[in-house]
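J.: Before I ask anything, here is the structure I am working with.
The values are calculated or read from the model by the stated rules, or taken from the named source; none is laboratory data. Everything numeric here is computed off the predicted structure, so don't read it as measured data. Quick reminder, even Gly has a Cβ in these numbers, built from the backbone with ideal geometry, and neighbours come from all protein chains shown. Only protein heavy atoms, including side chains, enter the accessible area calculation; ligands, DNA and RNA are left aside. Shrake-Rupley method; radii C 1.70, N 1.55, O 1.52, S 1.80 Å.
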Amino acid sequence: MPATAAPGGSDRRPRLAILGAGPIGLEAALAAADAGMPFTIYEAGQEAAANVRAWGHVHLFTPWRMNVSPRMRRHLEAAGAAPPADHEEAACPTGRELAERVYDRVAALPQVAPRLRLGTRVVTVGREGLLKHEEIATAERGRRPFLLLLAERDGGERVERADAVIDATGTFGQPNSLGDGGIPAPGELQLGGEIRRAIPDLARDAADWAGRTVLLAGAGASAQTAVRGLAELARSAPGTRVIWALRRAAPAWGSPPDDPLPERARLAAAAAELAAGASPAVTVQRGVVVEAVAHAAVAAAGGPERGAGADDGRDARDDRDDRMTVTLGRAGGSGLDGDGAWQVTVDRVLSLTGAVGDHQIYRQLQVHECYATCGPIKLSAAVLGAGAGDCLEQASHGVEALTNPEPGFFILGSKSYGRNNSFLLRVGWDQVTEVFAALRSPD
């Protein structure tokens, strides 16, 4: 059957569902428009690129020229809505600038806007008339349309059909757990939204963090950005303290020698300096994990006794009801019996331990995941086999690496890399080009 055929043997172009109106979803929408392929793009947020806006105050490491695809630039220039000019391209935009100056303009293009469904989340995807375990690797499975369960902004639900699906929902909004071994720490689920999981906007919300004691977990770029900002805030807001919990005794800060991205190099250098004691406001705990978290009043009433080396960070707000007590233990050693563990009492818990995509979307499909990265198995094997080095060294591995046992279903963008954090936007653009070439060509 030609790749462009619809289920049932028709030679009409397939109806395409694109999940997510972020950078890769919008790129796919433009590619579909170029191919004359009917498509609908579903975005759970109320605006395009909602996840990018959620960290809109944060500067990217990469300059404008690395964040606007040739396809986007061509369409925007043709519409008289050109992206940043040549003299700006060396600057690194914030997420908000990228959303407003590129993604909003792409979403407003006449090729895209009528097909964009905002406030519509794809809950899960299945195959009409088939269960996950039926018609394994048969042509019949590919002839059945996909069923998409949609949750609308008004609370309603409905099902729509598509012949091909691109999952470009990304990883933001699916944070990893705070606890040891990747599972929620005892008490973490009960505290819910009280644990912060995004880089603070200290220009807007300084009053919410000034003078507070913060337990920060994580060592990646997000945690580095947060600790640098909080250390800077502490200079003008005495009493601001950070207890930085690092799972590894000697983290890799993510900037290679002679880093071609100056902003990334500066951030890594600042993180290394803070971890070495450059700020009196930052106390570093190396080689530790979070074993439990609770409201301070609950911990005082029935929690484990504080062990040696306890540092509760108490100040004049000792009686605050919203403080939390976090139990820390040595990574790979202390266990949950309290032996060797100690407690810190803090005003804020900031968990920046990474994220992974929502895999429940395709749980009823025959998608083969890598047991280590949670990305599509063939792509994960290719990325890991290539060494999975710095993001600037990444290249697309071709459409074959993007295919899986479920015909017509593709996971693209950062979600395709799973737990591997070396994804680069340029790779996502190449993935889109490769998938559409396959959709237009015979098998």
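J.: Just wondering, is there one or more residues in region 68-76 that are at pLDDT 95 or above, assigned to a helix (DSSP H, G or I), open to solvent by less than 50 Å² (accessible area, probe 1.4 Å) and under 25 Å from Phe146 (Cα atoms)?
T.: No, there is no match, as no residue in region 68-76 is at pLDDT 95 or above, assigned to a helix (DSSP H, G or I), open to solvent by less than 50 Å² (accessible area, probe 1.4 Å) and under 25 Å from Phe146 (Cα atoms).
J.: Shifting gears a bit: Considering region 280-329 alone, what residues qualify as being modelled with pLDDT of 95 or more and open to solvent by 60 Å² or more (accessible area, probe 1.4 Å)?
T.: Pro280, Arg286
J.: Related question: Note down all Cβ pairs under 7 Å where the first residue falls in region 58-80 and is touching a residue at least 40 places away in the same chain (Cβ under 8 Å) and closer than 16 Å to Gln431 by Cα, the second is open to solvent by 20 Å² or more (accessible area, probe 1.4 Å) and outside any helix (DSSP H, G or I), and they're at least six residues apart or on different chains.
T.: Every condition considered, the pairs that remain are Asn67/Leu60.
J.: Also: Which residue is least open to solvent (accessible area, probe 1.4 Å), if the candidates are limited to region 84-134 and must be in a loop (DSSP other than H, G, I, E, B) and among the small types (Gly, Ala, Ser)?
T.: For region 84-134, the residue satisfying everything is Gly119.
J.: Give just the number: which of (1) at pLDDT 90 or above; (2) of a type in the set (D, E, K, R); (3) farther than 29 Å from Val122 by Cα does Glu393 not satisfy?
T.: That leaves (1) as the condition not met.
J.: Go through (1) surrounded by 15 or more Cβ atoms within 10 Å (Cβ to Cβ); (2) at positive phi for Gly182 and report which single condition fails.
T.: Here Gly182 meets the rest and fails (1).
J.: Assuming Glu27 fulfils every condition listed in (1) touching a Lys or Arg at 6+ places or on another chain (Cβ under 9 Å); (2) part of a helix (DSSP H, G or I); (3) over 22 Å from Arg426 (Cα atoms) apart from one, which condition is it?
T.: For Glu27, the exception is condition (3).
J.: May I ask you to list pairs of residues, at least six apart or on different chains, whose Cβ atoms are under 7 Å apart, with the first in region 247-265 being without any contact (Cβ under 8 Å) to a residue 40 or more places away in the chain and the second being of a type in the set (Ser, Thr, Tyr) and in a loop (DSSP other than H, G, I, E, B)?
T.: Once the first residue is without any contact (Cβ under 8 Å) to a residue 40 or more places away in the chain and sits in region 247-265, its partners that are of a type in the set (Ser, Thr, Tyr) and in a loop (DSSP other than H, G, I, E, B) give Ala265/Ser255.
This table checks each residue for (1) assigned to a loop (DSSP other than H, G, I, E, B); (2) modelled with pLDDT under 95; (3) more than 30 Å from Arg127 (Cβ to Cβ).
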site	(1), (2), (3)
Thr4	yes, yes, no
Gly8	yes, yes, no
Ala21	yes, no, no
Ala82	yes, yes, yes
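J.: Checking the conditions here, which among Leu274, Leu189 is within 27 Å of Asp358 (Cα to Cα), without any contact (Cβ under 8 Å) to a residue 60 or more places away in the chain, among the hydrophobic types (A, V, I, L, M, F, W, C) and open to solvent by 10 Å² or more (accessible area, probe 1.4 Å)?
T.: So the residue among Leu274, Leu189 that is within 27 Å of Asp358 (Cα to Cα), without any contact (Cβ under 8 Å) to a residue 60 or more places away in the chain, among the hydrophobic types (A, V, I, L, M, F, W, C) and open to solvent by 10 Å² or more (accessible area, probe 1.4 Å) is Leu189.
J.: Ala162 - would you say it is touching a residue at least 40 places away in the same chain (Cβ under 8 Å), in contact with a helix residue (DSSP H, G or I) (Cβ under 6 Å, 6 or more places away or on another chain) and open to solvent by less than 50 Å² (accessible area, probe 1.4 Å)?
T.: Answer is no for this residue.
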